[in-house]
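Here's the structure we're looking at; comments come further down.
Every read-out reported here was derived from the displayed coordinates using simple, explicitly stated rules and does not represent laboratory data. Remember, it's a predicted structure, so these values are computed and weren't measured experimentally. Every residue, glycine as well, gets a Cβ built from its backbone with ideal geometry; the counts of neighbours run over all protein chains shown.
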Amino acid sequence: MEEKKQATIVDVARAAGVSVATVSRVVNGNYPVKQETKEKVKQAINSLNYVPNVQARELNTRKSSTIGVVVPGLHNMFFAEVIDGIEEAVRQEGFSFLLSCAKNDPEQERQAINTLVARNVSGIIVISPNTKNISESFYQELVQRVPLVFINGYHRIPGVSYVGNDEQLGCQNALEYLKELGHTDIMFVRGANSDSYDIKEETYRKFMAKSRSLREDYILNIGEGNGVETVDSAMTALLAKLPELKPSAVFCCNDLMAVGALNACKRLGLSVPRDISVMGYDNIALSRLVEPKITTMDQNMFQLGENASRLLLENIRGGQSKRILLDNTLIVRETTGKFSHNDK
């Protein structure tokens with residue numbers, strides 16, 4: 001059986017009785033075309049199942065309709081929900097994106113970005129960039145060549161647009177909430193290689209020092225914070241520390257770590273929140289699927305992605321760099337409760 005040939009722009013022009021240039025204008029939307037002519041072309045496109053050649057169009061216009069997205073990991077649902085917001089916004093503008101995973105490694109992040117630049121993307125969104133661990137000059141030089149947006153990036157680089165949550169205020173609000181419940185012995189669980197964890201630790205240290213409750217042994221770094229191993233790593237570390245340190249609450253830098261804390265409490269026979277409170281951060285879907293459901297801080301994940309896409313497209317079209325800061329919201333569920341020092 002003879003394979004059916006894919007329709008070309010010439011076939012569409014012939015079927016609609018117009019020039020190839022007119023079909024191109026309708027497809028690209030870059031020049032005004034009479035409504036009647038536009039309808040004829042669209043009918044021809046539909047009847048012939050014509051699919052525009054994006055690569056050919058990009059060669060002609062010398063503009064890519066693809067953006068790059070760099071993500072630290074793929075196992076944390078936080079990033080999946082941010083990417084969902086990115087996809088929704090770029091699709092509406094006729095763009096697509098290439099996704100690259102940096103695996104929480106500064107060198108892999110640098111390589112991923114260089115690969116995207118080599119693929120001629122129009123702009124790049126970096127989610128939770130490792131700016132502290134990558135030479136500042138790398139990003140300073142990069143933004144001269146390609147528009148850049150950081151999601152939850154804290155190191156300010158001229159020309160880069162930023163979309164983020166006020167994690168410093170969010171972390172402080174979370175700790176204030178635990179303090180209001182009567183908790184003073186609050187353990188802090190974080191991961192490695194993340195500006196976000198660094199910000200939260202700095203806020204935690206200041207808060208606990210002000211309360212005269214800061215203890216170095218209450219700060220726990222479990223290593224990889226966004227991997228498939230994060231839940232078990234948090235559980236293993238806490239299994240060793242909780243019986244010895246006996247905190248009344250555990251504050252985790254993300255919800256994966258909080259699930260690990262819940263698992264550790266279960267294995268140790270600790271009832272949450274009666275014996276110990278557990279608090280997460282992000283408000284990923286998993287936080288409301290486990291039992292007990294996790295008290296957490298909502299990080300506006302979809303809105304982060306959506307706003308970052310809009311800022312990047314503005315930059316691609318010649319707009320100035322901007323900063324958008326969103327507030328985190330406390331989501332009270334079942335893993336936190338009042339603590340009486342008489343019970344300890």
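Go through the stretch 10-25 residue by residue and turn each phi into a ³J(HN,Hα) via Karplus (6.51, -1.76, 1.60, θ = phi - 60°); whole Hz please, and just put x for glycine and proline.
Result, rounded to whole Hz: 5, 4, 5, 4, 5, 5, 8, x, 10, 7, 4, 4, 5, 4, 4, 5.
Out of residues 5 or more away from Thr295 or on other chains, whose amide H comes under 5 Å of its own, with H placed 1.01 Å from N in the peptide plane?
Amide H neighbours of Thr295, under 5 Å, 5+ apart: Gly280, Arg333, Glu334, Thr335, Thr336.
Could you name the aspartates and glutamates whose alpha carbon sits less than 17 Å from that of Lys40, not counting residues in the same chain fewer than 8 places away?
Partners found: Asp11.
On a 0 to 90 degree scale, rounded to 10, what angle separates helix 230-245 from the longest Cα axis of the chain?
Compared with the principal axis, the helix lies near 10 degrees.
Going down the list Lys206/Lys322; Lys179/Lys322; Lys241/Lys266, which pairs span over 25 Å between their C-alpha atoms?
Lys206/Lys322; Lys179/Lys322
Return the sequence-ordered ³J(HN,Hα) values of the stretch 93-107 in whole Hz as given by the Karplus equation 6.51 cos²θ - 1.76 cosθ + 1.60 applied to θ = phi - 60°, using x for Gly and Pro.
Residue by residue, the stretch 93-107 yields 9, x, 9, 10, 9, 9, 9, 10, 9, 8, 6, 6, 10, x, 5 Hz.
Quick one: work out the % antiparallel among DSSP beta bridges in the stretch 186-344, nearest 5.
Restricted to the stretch 186-344, the bridges split so that about 20 percent are antiparallel.
Using θ = phi - 60° and the Karplus curve 6.51 cos²θ - 1.76 cosθ + 1.60, what whole-Hz ³J(HN,Hα) does each residue of the stretch 35-51 get, with Gly and Pro shown as x?
My calculation for the stretch 35-51 gives 4, 4, 5, 4, 5, 4, 5, 5, 5, 5, 4, 5, 5, 9, 6, 6, 10 Hz in order.
How high is the FRET efficiency from Lys246 to Asn120, r the C-beta distance, R0 51 Å, rounded to 0.05?
Plugging the Cβ-Cβ distance into 1/(1 + (r/R0)^6) gives 0.35.
For percent of Cα pairs over 26 Å apart, one of [x] 56; [y] 52; [z] 49 was computed from the structure I shared and the rest are decoys. Which label?
[x]
Which order do peptides 72-79, 164-171 fall in by mean Cβ count within 10 Å, highest first?
The most tightly packed comes first, giving 72-79, 164-171.
Could you sort 142-153, 250-261 so that the peptide with the highest average Cβ count within 10 Å comes first and the rest follow in order?
Packing proxy ranking, top to bottom: 250-261, 142-153.
Starting from the amide H of Leu98, placed 1.01 Å from N in the peptide plane, find each other amide H under 5 Å away whose residue is 5 or more places distant or on another chain.
Those lying under 5 Å, H to H, from Leu98 are Ile67, Gly68, Val69.
If you find the alpha carbon centre of the stretch 143-187 and of the stretch 111-141, how far apart are they in angstrom?
Using only Cα atoms to place each centre, the spacing works out to 20 Å.
Within 12 Å, Cβ to Cβ, of Glu314, how many net charges do the neighbouring residues add up to if Lys/Arg are +1 and Asp/Glu are -1?
So the environment of Glu314 carries a net charge of +2.
Looking only at the chain, where both bridge partners belong to it, what percent of the DSSP beta bridges are antiparallel (to the nearest 5)?
Of those bridges, close to 10 percent are antiparallel.
What distance in nm separates the simple spin-label points at Val20 and Leu214, each placed 7 Å from Cα in the Cβ direction?
Label at Val20, label at Leu214, 7.0 nm between them.
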